[in-house]
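Scroll down for the structure; my scribbles are underneath it.
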Amino acid sequence: KLKNKNPEAMETLIRSNIKPLYLYAVGQGVKKDEAEDLVQSVWDSFFDAIDRFEGRSKVKTFLFGILVNKIREHKRRLGRIVDIPEDDQLENLVNSQFDDMGRWRSTPEDPFQRFNQGEIRKYLDICLKKIGEKYSTAFYLKEVEEENSEEICKIMNVSRTNLGVILFRAKNLLRKCLEKRALGIGEN
């Protein structure tokens, strides 16, 4: 129906995906008006490419893949791409938090005990911007959009093993950032 440009199918697709796409773009640090423009360009790109869509992934995955690339291009133009380096310091931090079985060495403080939901959301948004695009994309797709790992791997163009490492690091970095804010350490 979409390939035939069926108006009802197109409207249903747009209605069910426009808000998640917009919220994801804003969550990635894109200003609201720029996010609206990026989401619009996703639809333009999608409908331009619909004839080439082979259905090997869900339409939603395809849309998010387009959006991820649009956000990267947008940030590149603005000079805003900042990723946490993959270095020994990060590896040491991760290794210091978990034993050989992958369990926490000490139970982390739960920041939800100190903040109400509105405050947590504010700090989560701040922390998602700080941890870098790769980590925040993986976390958002897995935890907010509840995408399965296979779909996320397609969107991000990573292996399943690499995705596991990215999600592990994203959660650890978010936990650290949120703990700092819960304890009043660092920038707000």
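The values are calculated or read from the model by the stated rules, or taken from the named source; none is laboratory data. Remember, it's a predicted structure, so these values are computed and weren't measured experimentally. FYI the Cβ positions are ideal-geometry reconstructions off the backbone, even for glycines, and counts take in every protein chain you see. In case anyone asks, the SASA skips ligands and DNA or RNA and just uses the protein heavy atoms, side chains included. Shrake-Rupley method; radii C 1.70, N 1.55, O 1.52, S 1.80 Å.
Overview of values
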quantity: Counted residues, the range 9-29 - those being open to solvent by 20 Å² or more (accessible area, probe 1.4 Å) and in a loop (DSSP other than H, G, I, E, B); calculated: 1
quantity: Unmet requirement for Lys32, which otherwise passes all of (1) closer than 23 Å to Ile131 by Cβ; (2) open to solvent by less than 80 Å² (accessible area, probe 1.4 Å); calculated: (2)
quantity: Residues located in the range 72-86, provided they are open to solvent by 80 Å² or more (accessible area, probe 1.4 Å), modelled with pLDDT of 75 or more and either of a type in the set (Asp, Glu) or not in a helix (DSSP H, G or I) (or both); calculated: Glu73
quantity: Where Arg169 falls short, out of the listed (1) open to solvent by less than 70 Å² (accessible area, probe 1.4 Å); (2) under 23 Å from Phe53 (Cβ atoms); (3) modelled with pLDDT of 85 or more; (4) of a type in the set (D, E, K, R); calculated: (2)
quantity: Where a residue in the range 120-147 is surrounded by 22 or more Cβ atoms within 10 Å (Cβ to Cβ) and its partner, wherever it lies, is of a type in the set (Asp, Glu), with Cβ under 7 Å and at least six apart; calculated: Leu141/Glu147
quantity: Candidate set from the range 148-166 (those that are within 20 Å of Lys58 (Cβ to Cβ) and hydroxyl-bearing (Ser, Thr, Tyr)); member that is surrounded by the fewest Cβ atoms within 10 Å (Cβ to Cβ); calculated: Ser159
quantity: Any hit, the range 46-59, residues being open to solvent by 30 Å² or more (accessible area, probe 1.4 Å), within 16 Å of Leu141 (Cβ to Cβ), in contact (Cβ under 8 Å) with a residue 40 or more places away in the chain and in a helix (DSSP H, G or I); calculated: yes
